[in-house]
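What follows is a single structure, written as structure tokens, with notes after it.
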Amino acid sequence: MQASFDMSAALHHVDAMVQALRAQVEPALGVQQALAFEVAVSEALTNIVVHGYKGTVGGAGILIELSTDGQGAQLTVRDQGRPGPSDLYETGPDLDKIDILEESGRGLALIRHHADTVNYTPSSDGNLLVLTFAAASPDLPGDDTG
Amino acid sequence: MIKIDTTDGDISVIAPENDRLTAVNSTQFKQEVVAHVDDGHARLVIDLSEVSFVDSAGLGALVGVLKRIGARGDIVVCGLSASVRQMFELTRMNRIFTEYPDRAAAVAALKDTF
């Protein structure tokens, strides 16, 4: 399955887009991995809108491409926002190192935790983020979490 | 964006009106709850039974309320779905927010603390 979506760079569009994407991947990933997908994609799209498009109004749309097969799902996000550092998704503390009383700063760690691979290519011509998620093994327990 | 039930003495049960607590609405959620705290209501049950998804911003809002209450009162959560509980455990929120199965159990537990 392949599908593409265009999302305006506004925070109030993120939840509906995330829910639409999750609905597309759940048959391929299973419920538990679909939740991991939902968390990572929610954090990624929020980061792009909040940080990449900070201070802009009515900016270009964000192009989202989704593909699934028997192995899992791949999400590709192309945006025209402000580029982040090339190691954006490689640095920062893991979840268990973040101060429990911090009110922010968990997003990147959640993306790294939930996605199987994260590839980010920033550019002034447009940024590219690719997240992949492996389908849950049918032998793994706990795939009934809703 | 919150519903507040203050029928149990000085305990307020607060429920988000949305089924998702995310970056989209977490700032407003925090502002409304903090305003209630600042009005003198510092013993809170956050009822998440109608919330199906919480992101890092939603968790941050809850932490912000917890810090605002400080030593003045208590804040506990109830009604966590499996997916919300998973986020709490993954981010260790379960260490700072005591969880109860429903609002009745949460209110009873808070009453017992005095």
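Taking the Cα centre of each part, how many Å lie between the stretch A:92-122 and the stretch B:79-108? When both Cα centres are located, 22 Å separates them.
What is the diffusion coefficient of chain A in µm²/s, taking the Kirkwood radius over Cα pairs and the Stokes-Einstein relation at 25 °C with a viscosity of 0.890 mPa s? Kindly include the intermediate steps, with their values, before the conclusion.
Values: Rh = 15.7 Å.
Stokes-Einstein gives a translational diffusion coefficient of 156 µm²/s.
Summary value for chain A: 30 percent relative contact order, contacts being C-alpha pairs under 8 angstrom separated by 6+ residues. Please enumerate, by chain and number, the lysines with C-alpha under 23 Å from the C-alpha of B:Lys111, excluding those fewer than 8 residues away in the same chain. Of all the lysines, those that pass the test against B:Lys111 - Cα under 23 Å, at least 8 places apart if same chain - are B:Lys3, B:Lys67. Which net charge results when you count Lys and Arg as +1 and Asp and Glu as -1 among the other residues whose beta-carbon is under 14 Å from that of A:Tyr120? In short, -1. One chain, two ends: A:Thr121 and A:Leu63. Fully extended at 0.36 nm per residue, the span grows by 19.4 nm beyond their Cα-Cα distance. What is the stretch B:1-102's relative contact order, in percent, from Cα pairs under 8 angstrom and six or more apart in sequence? Reported as a whole number, the value is 27 percent.
What the phi angles of the stretch B:56-62 give under the Karplus curve with 6.51, -1.76 and 1.60, with θ = phi - 60°, is a coupling list of 5, 5, x, 4, x, 5, 5 Hz, glycine and proline written as x.
When chain A is treated as a GNM with alpha-carbon contacts under 10 Å, the residue of A:Ser67, A:Ser104, A:Ser123 showing the greatest mean-square fluctuation is A:Ser104.
Normalised by 2.2 N^0.38 Å, where N is the number of residues, the alpha-carbon radius of gyration of the protein assembly as shown equals 1.05.
Springs between Cα atoms under 10 Å define the GNM used for chain A, and in it the highest mean-square fluctuation of A:Gly72, A:Gly81, A:Gly126 occurs at A:Gly126. Taking each DSSP H run with n ≥ 4 as -39500 (n - 2.57) and averaging over every residue of the protein assembly as shown yields -10500 deg cm²/dmol at 222 nm.
As a fraction of the 1.4 Å probe accessible area of chain B, surface on carbon and sulfur atoms comes out at 46 percent.
For the stretch B:27-114, the C-alpha radius of gyration divided by 2.2 N^0.38 Å, with N the number of residues, is 1.02. Among the helices of chain A, none built from whole DSSP H runs has Cα atoms reaching 30 Å or more along its own axis together with a mean Kyte-Doolittle hydropathy of at least -0.5.
With θ taken as phi - 60° and the Karplus curve 6.51 cos²θ - 1.76 cosθ + 1.60 applied, the whole-hertz 3J(HN,Hα) list for the stretch B:11-28 is 9, 10, 9, 10, 10, x, 7, 9, 8, 10, 10, 9, 4, 5, 10, 5, 5, 5 Hz, x standing for glycine and proline.
Note on chain A: GNM, Cα springs under 10 Å; of A:Ile98, A:Ile48, A:Ile111, the largest mean-square fluctuation is that of A:Ile98.
The values are calculated or read from the model by the stated rules, or taken from the named source; none is laboratory data. Keep in mind it's a predicted model, so treat the numbers as computed, not measured. All Cβ positions, glycine included, derive from the backbone under ideal geometry; neighbour counts span all protein chains shown. For accessibility, only protein heavy atoms count, side chains too; no ligands or nucleic acids. Shrake-Rupley method; radii C 1.70, N 1.55, O 1.52, S 1.80 Å.
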